[in-house]
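Visitor: Before I ask anything, let me first share the structure, which is written out below as structure tokens.
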Amino acid sequence: MMPEFIRNLFDVSDFPPRWHCGTWSTTHGWVHVISDVVIFFSYMAIPVMLVYFIKKKKMLQFLPIFWLFAAFILACGFVHLIEASIFWHPWYRLSALMKSITAVVSVATATALVPLIPRFLAMRTPEELEAEIAERRKAELAADHANKAKGEFLANMSHEIRTPMNGIIGMSEIALETDLNPEQRRYIETVKSSADSLLNLINDILDFSKIEAKKLDLEELNFRLRDDLGDCMELLAYRAQAKGLELACHIQSDVPDHLIGDPGRLRQIIVNLVGNSIKFTSEGEVVIRVAVNQIEGDHVTLQFAVSDTGVGIPKEKQARMFESFEQADTSTTRQYGGTGLGLAISKNLVELMGGEVHVESTPGEGTMISFTTRFLVQENPTINLIADMNILNGMPVLVVDDNATNREILQEVTSSWGMKPLLAESVDQAIQALERASHGGTPVKLVLTDMCMPERDGFDLIEWMRMRPGIGSIPVIVISSAPSPEHRARAKTLKVRDYLSKPVRQSVLLESIFAIFEAKQNTGSPGTGKAPEMLPPGDTRSFDILLAEDNPVNQETATLHFTKLGHRITIANNGKEALAMVGERDYDMVFMDIQMPEMDGLTATGLIREREKESGKHLPIVAMTAHAMQGDQERCLEAGMDLYISKPIRRKELAAIVAEVAAKFL
């Protein structure tokens, strides 16, 4: 049956033309033929489109599924073309069904393929991918060369700028130690202040370039938080005093003091934030508070908050505060200067230290910038007990200050030492407190008083005390936010036991109190309720030092610093001279510049170390260089140098590095 059915299916010998079929007219027949031809060309569109794609992309190998589909469409088209030219089959319904199915498939396929053609054309061939990879490698190589050139440029600029800056700052410090009249002193102080500002700007630019290149690394050093913050506050106190601001630092008593981290970067953050607050505050106070945020095992997360009573920051500008080169006021008439780098660098440093920054500000009322940092707590810090804290236990102390923040800080600090603080916010309240304590049988043993207060100042209080029997002998320590030579002279006349500047270090205040009560002198860092500690005493020996330095100004500056520290200096003008002089005479240590003519410091150090392999000796060599870019310190240490100090040098840092060399090697 089936073979006969198929044979009859294609037997068209007795079939009339399709336009004679049934009631169709000739016109209807031709319309049917033309429609079949149109369908044929519609089918042809898909394979033509595929062929165009192949030719355009020059890909002879294409997905087999597309080739099969193209062949299927072509076959359907040719079948319908043949059908249009032959006689009408009685089973035309079967043909119509096949045409309907293929037409639907064709239209659906075309609909799906047409929007994808641009994407197909965008596909990259293996040859195109290889070419693109080659271009990218070329671009990366060019970028590497550009970064290297940028790094070399910054390194050279850093060296070239720091070299004269070393002379300016060093000679200014030395000149300030000579006999100057007030006008000359003011000129030199202005020069030094301007040089320090320029140096800070240079450091900010270098730090920013390191952060951009992701080459800024943090150190892991043992340090004492209260001492480091005390150093920061001393640096910033002059700026605050010049504007008549109260500058205070409040570290809660439960904050651990002995930490491991990068104290230099922490100081940089504090100096940037506090300096920014001072700049935008015309009256009132700037306060930094430190509290424990979280303790996890041997790690502690500290919360720092710098608040001020300044101009405040509008809400819409707070989000851009920490972007590079951004400033709240960018107009040509802006009141406050700056590069816009300090806050951006601080934010990046905080994030490197595992923390984050938050801003709260109200225009006209002030700003508080808080940040968190994560540190390791020293497991067994070295503590040398030299004083008995029991001497202060239960001692009544009167704290006189019109500033509530300062009263709060002194109350907490003295309480942590076991003292019994009484608080007064004016001279009148202080007099009443002294009289009540005297009549009540628990007289005050010590007075801590501010100097500048409304209506009556600290001198009025001291003069009143000196005229009262029993009260006049109470020791007084003045803690002033506006110290001056005149005030110090008057305080000495009134037999004030000590005159300290705000913000006062806790260790300095405790040392002063113990000196009054004839305790042994110490430089500890209290505030945790523990006994004070003493840093190792400085080495007072005089050393023979060889200075390898080619710049005459730097030679003179360093020589004056070393001489005033009590050391003997010999000058070598380059590495070659230093190498020869080390072979002729024994020196205690060498301070070696890096960039010098004839022979640089790295080469000279390497040759000295080669000689020492035979002699078995070790000459301490300190890199003293204007190179301060990423990797410079590492290069110096790898070359055989023992320590590193960057220019411009300051006497305090120079004394510290000499003491460190002596402690390690001599």
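The values are calculated or read from the model by the stated rules, or taken from the named source; none is laboratory data. Everything quoted here is computed from the prediction, not taken from an experiment. Cβ atoms come from the backbone with ideal geometry, glycine included; neighbour counts cover every protein chain shown. Note: accessible area is taken over every heavy atom of the protein model, side chains too, but ligands, DNA and RNA are not part of it. Shrake-Rupley method; radii C 1.70, N 1.55, O 1.52, S 1.80 Å.
Visitor: Scan segment 226-278 for residues that are part of a loop (DSSP other than H, G, I, E, B) and within 19 Å of the chain's Cα centre (by Cα) and report the count.
Guide: Of the residues in segment 226-278, 1 are part of a loop (DSSP other than H, G, I, E, B) and within 19 Å of the chain's Cα centre (by Cα).
Visitor: Determine whether Glu183 is of a type in the set (Asp, Glu), farther than 27 Å from Val413 by Cα, open to solvent by 20 Å² or more (accessible area, probe 1.4 Å) and at pLDDT 80 or above.
Guide: no
Visitor: Right, something else. Please state which of the following conditions Thr339 fails to meet, knowing it meets all the rest: (1) at pLDDT 75 or above; (2) farther than 21 Å from Glu365 by Cβ; (3) touching an Asp or Glu at 6+ places or on another chain (Cβ under 7 Å).
Guide: Result: Thr339 fails condition (1) only.
The rows are residues; the columns are (1) touching a Ser or Thr at 6+ places or on another chain (Cβ under 9 Å); (2) at pLDDT 85 or above; (3) open to solvent by 10 Å² or more (accessible area, probe 1.4 Å).
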| residue | (1), (2), (3) |
| --- | --- |
| Arg226 | yes, yes, yes |
| Cys232 | no, no, no |
| Tyr238 | yes, no, yes |
| Gln241 | yes, no, yes |
| Ile260 | no, yes, yes |
| Pro263 | no, yes, yes |
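Visitor: Oh, and also: Give all pairs with beta carbons closer than 9 Å in which a residue from segment 557-570 that is in contact (Cβ under 8 Å) with a residue 12 or more places away in the chain meets a residue that is open to solvent by 20 Å² or more (accessible area, probe 1.4 Å) and of a type in the set (Gly, Ala, Ser); count only pairs at least 6 apart in sequence or on separate chains.
Guide: Listed pairs, sorted by first residue: His561/Ala655; Leu565/Ser542; Leu565/Ala655; Gly566/Ser542; His567/Ser542; Arg568/Ser542.
Visitor: Looking at segment 298-317, which of its residues are farther than 19 Å from Gly364 by Cα and of a type in the set (S, T, N, Q)?
Guide: Thr301, Gln303
Visitor: Next question, about the same structure. Please go through segment 277-322 and pick out each residue that is closer than 22 Å to Leu410 by Cβ and aromatic (Phe, Trp, Tyr).
Guide: Matches in segment 277-322: Phe304 only.
Visitor: Kindly indicate whether Arg162 is in a helix (DSSP H, G or I) and either modelled with pLDDT of 75 or more or within 30 Å of Met451 (Cα to Cα) (or both).
Guide: Considered against the rule, which asks whether it is in a helix (DSSP H, G or I) and either modelled with pLDDT of 75 or more or within 30 Å of Met451 (Cα to Cα) (or both), Arg162 comes out as no.
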